[in-house]
Amino acid sequence: MDLRTVDRTLARVQQVSGLAFSSFSALHLGGHLLASFSFSLADTALFASRVFYQNPVVEPLVVGASLVVHIGSSLARVVIRTRNIKKLNSRLEKDKLENSAEKMERTNAAEEVVKKPAQTAAQRELQFHRLSGYVLTALVGVHVLATRITPLKVLPDTSIIDLTFVTHSLRADWTAPLFYPYYIILGTAGIYHTAFGIQQALSSMKLMRKRVNPGTWTTALLVSAGIMTLAILGIAGIFEDVPIPLASKWHDLTEVMPLVAMGKL
Ligand code: HEM
Ligand code: HEM
């Protein structure tokens, strides 16, 4: 199989696994956004959506496996793309050395395309999408460790986890200033990457014909950041009183998280 066929297959795997995972991420993030209106509404959404995503078939396959497959296929495509760009650049270098004036002109024009693409709105928005993919890749593992794997290892009943677990981290003495940007960045990247990814996957599969005007996704990114910031302020209890009856439990869970990460629990 040549590299182009491999890349095409990986692209399809990336799209299908992304779409499968978006059945979770859309519910998850949509539920959190309700915290801008009311904390208890967002908490109710968490409990309601859990019926779907913590189902014994859905959680390992639709959430877990599709996430791993999506990240794997995405990173494999990044490697192929980087190799192709390197190859193209070295071919251009070789062409340059051959040195006919006409060739030089063509090479310079081609270089413009490879090295300095005119950043149209559509290209910038694709770059944002790729960047949000890297942000999610960097953060989602720690997030799942904290919110799902540690409770599974330590608690007899994980259904007691609610959004006050997040509120607790946003009120922790010295780490709170880190948790605000962490959750806002994680959530904004999640909304943008999921929405853009769904549109891109459906268009590639020819299941969606309507084109999105360039610039629309830049607005969507700014709106995502705004509404996610409001939601995190809502979860922190800035707009209403949010008591944390299980604060000592959340404190203990946070303490044992590094042990779970090191495989000692
Ligand atoms: C806005 C920031 C976010 C907050 C406050 C948040 C909060 C939570 C909470 C409380 C849980 C535990 C859920 C439960 O026990 O039912 C959880 C689980 C999880 N979150 Fe998030 N989350 C956020 C963003 C994200 C993003 C952007 C993603 C990825 C796109 C993500 C992926 C996950 C996954 C995969 C789980 C484990 C689900 C399971 O297997 O049951 N979260 N999150
Ligand atoms: C925590 C969740 C996710 C992570 C960690 C993640 C990660 C990534 C990464 C690293 C890339 C590669 C970026 C690049 O090519 O440079 C990517 C691309 C992509 N993702 Fe995701 N993703 C997630 C969720 C989703 C969801 C829910 C969808 C919805 C369909 C999706 C659809 C896509 C698509 C279509 C691409 C290809 C973009 C392109 O052609 O450049 N992803 N993702």
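The values are calculated or read from the model by the stated rules, or taken from the named source; none is laboratory data. Worth saying up front: this structure is predicted, and the values here are computed from it rather than measured. Cβ atoms come from the backbone with ideal geometry, glycine included; neighbour counts cover every protein chain shown.
You will find that of Ala48, Ala76, Ala26, the residue that is at pLDDT 95 or above, surrounded by fewer than 18 Cβ atoms within 10 Å (Cβ to Cβ) and near ligand 1 (Cβ under 10 Å from one of its atoms) is Ala26 and no other.
Taking the criterion of being more than 12 Å from ligand 1 (Cβ to nearest atom) and farther than 26 Å from Ser248 by Cβ, would at least one residue in segment 168-178 satisfy it?
Taking segment 168-178 as the starting set, the residues that turn out to be more than 12 Å from ligand 1 (Cβ to nearest atom) are 171-178.
Those left that are additionally farther than 26 Å from Ser248 by Cβ: none.
Taking every residue of segment 168-178 in turn, none turns out to be more than 12 Å from ligand 1 (Cβ to nearest atom) and farther than 26 Å from Ser248 by Cβ.
State which residue is farthest from ligand 2 (Cβ to nearest atom) when the search covers only segment 17-58 and only residues that are among the polar types (S, T, N, Q) and out of contact with any Phe, Trp or Tyr (no Cβ under 9 Å at 6 or more places or on another chain). The qualifying residue farthest from ligand 2 (Cβ to nearest atom) is Ser40. Restricting the first member to segment 27-43 and to residues that are within 12 Å of Ile232 (Cβ to Cβ) and part of a loop (DSSP other than H, G, I, E, B), and the second to residues that are among the charged types (D, E, K, R) and modelled with pLDDT of 95 or more, no beta-carbon pair is closer than 6 Å while six or more apart or on different chains. A search for C-beta distances below 7 Å between a residue of segment 87-98 that is more than 23 Å from Arg4 (Cα to Cα) and any residue that is of a type in the set (A, V, I, L, M), counting only pairs 6+ apart in sequence or on different chains, returns Lys96/Met104. Residues of segment 208-260 that are small (Gly, Ala, Ser) and either within 16 Å of ligand 1 (Cβ to nearest atom) or within 28 Å of His193 (Cβ to Cβ) (or both): Gly215, Ala220, Ser224, Ala225, Gly226, Ala231, Gly234, Ala236, Gly237, Ala247. When Thr107, Thr147 are screened for being at pLDDT below 95, in a helix (DSSP H, G or I) and either touching a strand residue (DSSP E or B) at 6+ places or on another chain (Cβ under 9 Å) or among the β-branched types (Val, Ile, Thr) (or both), only Thr107 passes.
Suppose we filter Val63, Val57, Val6, Val13 for residues that are surrounded by fewer than 13 Cβ atoms within 10 Å (Cβ to Cβ) and either β-branched (Val, Ile, Thr) or more than 11 Å from ligand 1 (Cβ to nearest atom) (or both); which single one remains? Before you say what the answer is, go through the steps one by one.
On the way: Val63 fails: surrounded by fewer than 13 Cβ atoms within 10 Å (Cβ to Cβ); Val6 fails: surrounded by fewer than 13 Cβ atoms within 10 Å (Cβ to Cβ); Val13 fails: surrounded by fewer than 13 Cβ atoms within 10 Å (Cβ to Cβ).
After applying the criteria, what remains is Val57.
So is Val135 in contact with a helix residue (DSSP H, G or I) (Cβ under 8 Å, 6 or more places away or on another chain) and under 25 Å from Arg12 (Cα atoms) or not? Judged against the criteria, Val135 is a match.
So that you can scan it fast, the table gives a plain yes or no per residue for (1) touching a residue at least 40 places away in the same chain (Cβ under 8 Å); (2) of a type in the set (Val, Ile, Thr); (3) in contact with an Asp or Glu (Cβ under 8 Å, 6 or more places away or on another chain):
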residue: Ile160; (1), (2), (3): yes, yes, no
residue: Asp173; (1), (2), (3): no, no, no
residue: Phe179; (1), (2), (3): no, no, no
residue: Tyr182; (1), (2), (3): yes, no, no
residue: Thr188; (1), (2), (3): yes, yes, no
residue: Tyr192; (1), (2), (3): yes, no, no
residue: Ala195; (1), (2), (3): no, no, no
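Just so you know, in segment 218-238 the residues that are of a type outside the set (A, V, I, L, M) and free of Cβ contacts under 8 Å to residues at least 12 places away in the same chain include one that is surrounded by the fewest Cβ atoms within 10 Å (Cβ to Cβ), and it is Thr219.
Taking segment 117-133 as the range and being within 9 Å of ligand 2 (Cβ to nearest atom) and either under 13 Å from Thr188 (Cα atoms) or of a type in the set (A, V, I, L, M, F, W, C) (or both) as the test, the residues that pass are Leu126, His129, Leu131, Ser132, Gly133.
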